[in-house]
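The structure under discussion appears below in the form of structure tokens.
The values are calculated or read from the model by the stated rules, or taken from the named source; none is laboratory data. Just so you know, these numbers come straight off a predicted model, no measurement behind them. For neighbour counting, all protein chains shown are included, and Cβ atoms are generated from backbone atoms with ideal geometry for every residue, glycine included.
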Amino acid sequence: MNNNFTELSEMELEKVIETAKKALREKKDSKRKETIAKIKALATSIGIDVKISEPATEPAKKDGKVPIKYQNPNNLSQTWTGRGMKPKWLQKLLDEGHQLENFEIKR
């Protein structure tokens, strides 16, 4: 296995990361199933009926990043997530009579 990731392109790195994430998920799922089977077998061996309920969905992952919601069309480096106080550049434009919706990033 080539561990020199600096030689890989961005696309190749993305592929490696996705492949690793998938392999990790599969290993965790397999280990979980094995553990549940062992618990049920041990419980049955002493005459106990065990019901293990699985979560309906995977919990949401929080990476702490809030997507950018507003951007200054005159200076694309000036952005705002819509949380907290409005940045000075935006407040100035609003004071000039512009509407907040004019600065929303269309997705």
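Things worth noting here:
- Any hit, the range 55-69, residues being of a type in the set (A, V, I, L, M) and either at pLDDT 95 or above or touching a Ser or Thr at 6+ places or on another chain (Cβ under 7 Å) (or both): yes
- In the range 5-46, the residues that are outside any helix (DSSP H, G or I) and hydroxyl-bearing (Ser, Thr, Tyr): 9
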